[in-house]
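*Asks:* I'd like to ask you about the structure that follows.
The values are calculated or read from the model by the stated rules, or taken from the named source; none is laboratory data. Everything numeric here is computed off the predicted structure, so don't read it as measured data. Note that each Cβ is placed from the backbone with ideal geometry, even for glycine, and that neighbours are counted across all protein chains shown. The area values use the complete protein model at the heavy-atom level, side chains included, leaving out ligands, DNA and RNA. Shrake-Rupley method; radii C 1.70, N 1.55, O 1.52, S 1.80 Å.
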Amino acid sequence: MPNRLSVLDLDLEQLADWLAGIGQPRYRARQMMQWIYSRGVTDFARMTDLPDPLRHEIADCLTALSGRQLTCSAAPDGTEKVLLAWTDGATTETVMIPAAAAGNRRTVCLSTQVGCDVGCRFCASGIGGALRNLTAGEVLEQAVRVQARLHARGERLSHAVFMGMGEPLANYETTVTAVRRLNAEWGLGLSQRRITISTVGLPKQIERLAE
């Protein structure tokens with residue numbers, strides 16, 4: 001069903017407000033966020049601590065994933081690259097990077113834009129320029145999809161780096177929103193020390209971030 005609101009574009013309070021608006025208790029929002037972020041479960045029908053009628057109502061109005069996985073490839077060292085297509089047909093990549101020397105370390109490399117305006121010679125992302133910014137929900141969906149893959153084999157996402165397609169600080173509000181939700185206890189619960197933002201160096205945005 002097109003034009004459904006993405007849960008990943010909402011924070012905990014916004015989802016609680018939405019649920020309250022359909023006559024549901026606000027605590028259901030935390031239950032839903034735990035399923036999606038902690039367990040990587042994005043099918044509302046599998047959220048077994050929600051009443052069955054509510055699961056059907058949610059599925060009619062909301063979506064947990066707005067994108068579509070086109071391909072997933074794995075390298076011999078365990079690195080996995082996922083290509084996602086968004087509702088407008090734009091595509092971005094996200095990568096899961098294991099670190100054998102660090103035991104159970106699993107890092108997601110997040111994209112923040114479709115393309116990039118910076119034009120670094122070593123990076124193919126900037127060949128066509130930046131087509132558009134990703135939404136916070138689209139950035140978070142990359143992490144949730146990786147989390148789901150890891151959870152299915154008894155592993156868990158431990159780190160996040162904003163080093164994929166695009167310049168994170170050129171999409172400042174989205175990047176900061178995504179960082180806060182990656183860090184939130186109702187989100188992925190990643191320590192701030194385990195989240196890295198890589199930038200070519202945009203002085204005004206760096207100063208704003210430091211503040």
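*Asks:* In the stretch 1-12, which residues are touching a helix residue (DSSP H, G or I) at 6+ places or on another chain (Cβ under 8 Å) and either at pLDDT 95 or above or open to solvent by 50 Å² or more (accessible area, probe 1.4 Å) (or both)?
*Replies:* The answer is 1, 4, 5, 7, 8, 9, 10, 11, 12.
*Asks:* OK, next. Contact list please: Cβ distance under 7 Å, first residue in the stretch 17-44 and under 13 Å from residue 57 (Cα atoms) and without any contact (Cβ under 8 Å) to a residue 40 or more places away in the chain, second residue among the charged types (D, E, K, R) and buried (at least 19 other Cβ atoms within 10 Å of the Cβ), pairs at least six apart or on different chains.
*Replies:* The qualifying pairs are 19/28.
*Asks:* Which residue out of 26, 68, 46 is farther than 23 Å from residue 195 by Cα, touching a strand residue (DSSP E or B) at 6+ places or on another chain (Cβ under 9 Å) and open to solvent by 60 Å² or more (accessible area, probe 1.4 Å)?
*Replies:* Numbers: 26 fails: touching a strand residue (DSSP E or B) at 6+ places or on another chain (Cβ under 9 Å); 46 fails: touching a strand residue (DSSP E or B) at 6+ places or on another chain (Cβ under 9 Å).
Step by step, each of 26, 68, 46 is checked, and only 68 is farther than 23 Å from residue 195 by Cα, touching a strand residue (DSSP E or B) at 6+ places or on another chain (Cβ under 9 Å) and open to solvent by 60 Å² or more (accessible area, probe 1.4 Å).
*Asks:* Restrict the check to the stretch 72-81 and report whether at least one residue is open to solvent by less than 30 Å² (accessible area, probe 1.4 Å), assigned to a strand (DSSP E or B), within 19 Å of residue 151 (Cα to Cα) and not polar (S, T, N, Q).
*Replies:* Yes: the stretch 72-81 contains one or more residues that are open to solvent by less than 30 Å² (accessible area, probe 1.4 Å), assigned to a strand (DSSP E or B), within 19 Å of residue 151 (Cα to Cα) and not polar (S, T, N, Q).
*Asks:* Which pairs turn up if I take residues in the stretch 165-190 that are free of Cβ contacts under 8 Å to residues at least 24 places away in the same chain and look for partners that are open to solvent by 20 Å² or more (accessible area, probe 1.4 Å) with beta carbon separation below 6 Å, at least 6 apart in sequence or on another chain?
*Replies:* Matching pairs, first to second residue: 179/195; 183/192.
*Asks:* Got at least one residue in the stretch 119-130 being at pLDDT 80 or above and not β-branched (Val, Ile, Thr)?
*Replies:* no
*Asks:* Is it true that some residue in the stretch 155-162 is over 15 Å from residue 97 (Cα atoms) and of a type outside the set (Ser, Thr, Tyr)?
*Replies:* Within the stretch 155-162 (the criterion being over 15 Å from residue 97 (Cα atoms) and of a type outside the set (Ser, Thr, Tyr)), the answer is no, since none of the residues qualifies.
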